[in-house]
Amino acid sequence: MKTYQLPEVRIERDKDRCIDCQVCVRQCAFEAHKVDEDGEVYSEDEKCVACQRCVSLCPTNALAIKDNTPFVKDNANWTAETQKYIWKQAETGGVLLTGMGNPKPYPIYWDHILLNASQVTNPSIDPLREPMELRTYLGSKPDNIHIEMVDGEPVLKTKLAPQLMVKTPILFSAMSYGAVSYNTCQALARASKELGTFWNTGEGGLHKNLYEYGPNTIVQVASGRFGVHSEYLDAAAAIEIKIGQGAKPGIGGHLPGEKVGPAVSQTRMIPVGSDAISPAPHHDIYSIEDLSQLIFSLKEATEYTKPISVKISAVHNVAAIASGIARAGADIIAIDGFRGGTGAAPTMIRDNVGIPIELAIAAVDTRLREEGIRNRASVIAAGGFRNSADVIKAIALGADAVYLGTAALVAMGCHVCQKCYTGKCNWGIATQDPHLEKRLNPDVAAERVYNLVRGWSHEIAEMLGGMGLNAIESLRGNRLHLRAIGLSKEEMDVLDLQVAGSPMA
């Protein structure tokens, strides 16, 4: 069948600069660059995914990749993208798949929220010369504590629930081995250890070589139970029950069999070459009571030594769901907004289901405070955090910490081409191809991720100091340090924010 689809991009090759070295040919797993019978390199635009690998490595800067948005008759409803999707499904009869997060131009609320700053009456703090505490503890906190004086020293008598101590309020999101390469997992684990934070295995189990990073590892128990066994649970610092994720709320997961080689097979405990399909629901969870039973089963299995997290998608009734999760005994609630990344998701679900993480954080924090149970569970927010300003605004809205996913991959080299589901990642990140995986040096990738979080942490300290605060926990849920600009009254009501220009209460 002849395709009606037009190339998404144009590859421009400067023939005066191109020396036919074939670097681009060797680097492109999608075979967008080829060599003719005379040894001259040429390109096939329709195969290019705009990952920029060839552009980055071309020794003579002879390549450029340009947008090839096709001309269509002006029509706001039947856009070029809409027509492209229809052509593709008319040819294949299948579900449209994509990777990464939602690219639609929905409002980005972070860009409509401004931070407060101290001036005269409440002087700012210089983080270079005065102590600044970014450390926080994730886990259930008691309603009150009992302290006794022993030999003139205060001694805590209340037994606390297990906590995760993070030196900066940034953790790494769940990305499973299989969806991403072993080198990617290794880089995240190393960076977590150096930063004093945690990375999340996702639902793909924990590779045997990464058990040494257990003290900085959060392991997942998802509906497929891939890789879940007692040693896996014991190795981790915390356990996360995955109910949903922001890129595909309400549906399960699928790792194609071609990505299940021997190492992935052993880690996930499934046959080589078999599809790893996670059902949409946990077939033992159909109520909050069922969830509570799993939470306490995992606590019992690990002798009540590890916090138990529950990860959910940000959906319309997220506040009520979070309340139920806190009452079910979870120590941490992870909420993933609709811009959360993924290795593979149906395009229509990624782009049309869920709500922004900004609104979800505010709704959940408000609900838990109103019910007097905010201390029962920490809140981790996820879903498209782009910079340190997004992080600090999330904490002021009510999060305890954030999960970083796409930004960490971009730090490693990802160019967000959204073709993760093909397994042909030219940067060695979202692939199980041994040849491609070698392109990601785990030492270099770990250093780049470490540098990113270190830089963000410095900026968070600077912004805290500018507010006159010396600890990140003093900002959590303190929305008086935020102001809204360019938002409707209804949006400000959900966020519980005052308009920019209004005085401090």
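The values are calculated or read from the model by the stated rules, or taken from the named source; none is laboratory data. For clarity, every value in this text was computed on a predicted model and none was experimentally measured. Heads up, the Cβs are rebuilt from the backbone with ideal geometry, glycines too, and the neighbour counts pull from every protein chain shown. For accessibility, only protein heavy atoms count, side chains too; no ligands or nucleic acids. Shrake-Rupley method; radii C 1.70, N 1.55, O 1.52, S 1.80 Å.
Observations on the model:
- Search result, residues across the range 59-78 that are modelled with pLDDT under 95 and part of a loop (DSSP other than H, G, I, E, B): Asn68, Thr69, Pro70, Phe71, Val72, Lys73, Asp74, Asn75, Ala76, Asn77, Trp78
- When residues of the range 257-275 are limited to those that are of a type outside the set (Asp, Glu) and at pLDDT below 90, the one nearest to the chain's Cα centre (by Cα): Lys259
Here's the yes/no breakdown for (1) small (Gly, Ala, Ser); (2) open to solvent by 40 Å² or more (accessible area, probe 1.4 Å); (3) in contact (Cβ under 8 Å) with a residue 60 or more places away in the chain:
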{"position": "Met1", "(1), (2), (3)": "no, yes, yes"}
{"position": "Ala32", "(1), (2), (3)": "yes, no, no"}
{"position": "Asp67", "(1), (2), (3)": "no, yes, no"}
{"position": "Phe71", "(1), (2), (3)": "no, yes, no"}
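Residue-wise test of (1) in a helix (DSSP H, G or I); (2) open to solvent by 10 Å² or more (accessible area, probe 1.4 Å); (3) more than 28 Å from Gln432 (Cβ to Cβ).
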{"position": "Ala322", "(1), (2), (3)": "yes, no, yes"}
{"position": "Ala334", "(1), (2), (3)": "no, no, no"}
{"position": "Gly340", "(1), (2), (3)": "no, no, no"}
{"position": "Ile361", "(1), (2), (3)": "yes, no, yes"}
{"position": "Val364", "(1), (2), (3)": "yes, no, yes"}
{"position": "Ala381", "(1), (2), (3)": "no, no, yes"}
{"position": "Ala394", "(1), (2), (3)": "yes, no, yes"}
{"position": "Cys414", "(1), (2), (3)": "no, yes, no"}
{"position": "Gln418", "(1), (2), (3)": "no, yes, no"}
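- Filtered by the rule that a residue be of a type outside the set (D, E, K, R) and touching a residue at least 60 places away in the same chain (Cβ under 8 Å), the range 232-249 gives Leu233, Ala236, Ala237, Ala238, Ile239, Ile241, Ile243, Gly244, Gln245, Gly246, Ala247, Pro249.
- Whichever residue in the range 159-168 is under 14 Å from Ile332 (Cα atoms) and not β-branched (Val, Ile, Thr) and, among such residues, is least open to solvent (accessible area, probe 1.4 Å): Leu164
- Which numbered condition Ala189 fails, given (1) open to solvent by less than 70 Å² (accessible area, probe 1.4 Å); (2) farther than 18 Å from Trp456 by Cβ; (3) more than 16 Å from the chain's Cα centre (by Cα); (4) among the hydrophobic types (A, V, I, L, M, F, W, C): (3)
- Residue count for the range 267-306, restricted to those that are among the small types (Gly, Ala, Ser) and touching a residue at least 40 places away in the same chain (Cβ under 8 Å): 4
- Extreme residue, nearest to Asp336 (Cα to Cα), among residues of the range 250-266 that are touching a residue at least 24 places away in the same chain (Cβ under 8 Å) and open to solvent by 50 Å² or more (accessible area, probe 1.4 Å): Gly250
- Enumeration of residues in the range 123-154 that are among the hydrophobic types (A, V, I, L, M, F, W, C) and open to solvent by less than 50 Å² (accessible area, probe 1.4 Å): Ile125, Met132, Leu134, Leu138
- In the range 42-65, residue farthest from His435 (Cα to Cα) [restricted to those that are more than 30 Å from the chain's Cα centre (by Cα) and surrounded by 20 or more Cβ atoms within 10 Å (Cβ to Cβ)]: Ala62
- Screening the candidates Ala326, Ala407 for the property of being open to solvent by 10 Å² or more (accessible area, probe 1.4 Å), assigned to a helix (DSSP H, G or I) and not β-branched (Val, Ile, Thr) yields one hit, Ala407.
- Qualifying residue in the range 358-370 (condition: of a type in the set (A, V, I, L, M), within 28 Å of Cys425 (Cα to Cα) and modelled with pLDDT of 95 or more): no
- Selection over the range 168-204 of residues that are within 17 Å of Gly246 (Cα to Cα), of a type in the set (A, V, I, L, M, F, W, C) and part of a loop (DSSP other than H, G, I, E, B) gives a count of 2.
- Counted residues, the range 89-107 - those being outside any helix (DSSP H, G or I), open to solvent by less than 70 Å² (accessible area, probe 1.4 Å) and in contact (Cβ under 8 Å) with a residue 24 or more places away in the chain: 8
- Given (1) outside any loop (DSSP other than H, G, I, E, B); (2) closer than 22 Å to Gln186 by Cβ, number of the condition Ile429 does not satisfy: (1)
- Exclusive hit being of a type outside the set (A, V, I, L, M, F, W, C), within 23 Å of Trp456 (Cα to Cα), out of contact with any strand residue (DSSP E or B) (no Cβ under 8 Å at 6 or more places or on another chain) and open to solvent by less than 10 Å² (accessible area, probe 1.4 Å), set Thr184, Thr197: Thr184
- Among the candidates Ser292, Ser313, Ser309, the residue that is in contact with a Gly (Cβ under 6 Å, 6 or more places away or on another chain), of a type in the set (Ser, Thr, Tyr) and surrounded by 19 or more Cβ atoms within 10 Å (Cβ to Cβ) is uniquely Ser313.
- Any hit, the range 467-486, residues being among the charged types (D, E, K, R), part of a helix (DSSP H, G or I), out of contact with any strand residue (DSSP E or B) (no Cβ under 9 Å at 6 or more places or on another chain) and at pLDDT 95 or above: no
- Exclusive hit being over 23 Å from Gly261 (Cα atoms) and among the aromatic types (Phe, Trp, Tyr), set Tyr403, Tyr421: Tyr403
- Verdict on Ala399 being crowded, with 24+ Cβ neighbours inside 10 Å and either touching a Phe, Trp or Tyr at 6+ places or on another chain (Cβ under 8 Å) or under 16 Å from Ser56 (Cβ atoms) (or both): no
- Where a residue in the range 73-88 is surrounded by 13 or more Cβ atoms within 10 Å (Cβ to Cβ) and its partner, wherever it lies, is assigned to a helix (DSSP H, G or I) and not acidic (Asp, Glu), with Cβ under 8 Å and at least six apart: Tyr85/Thr347
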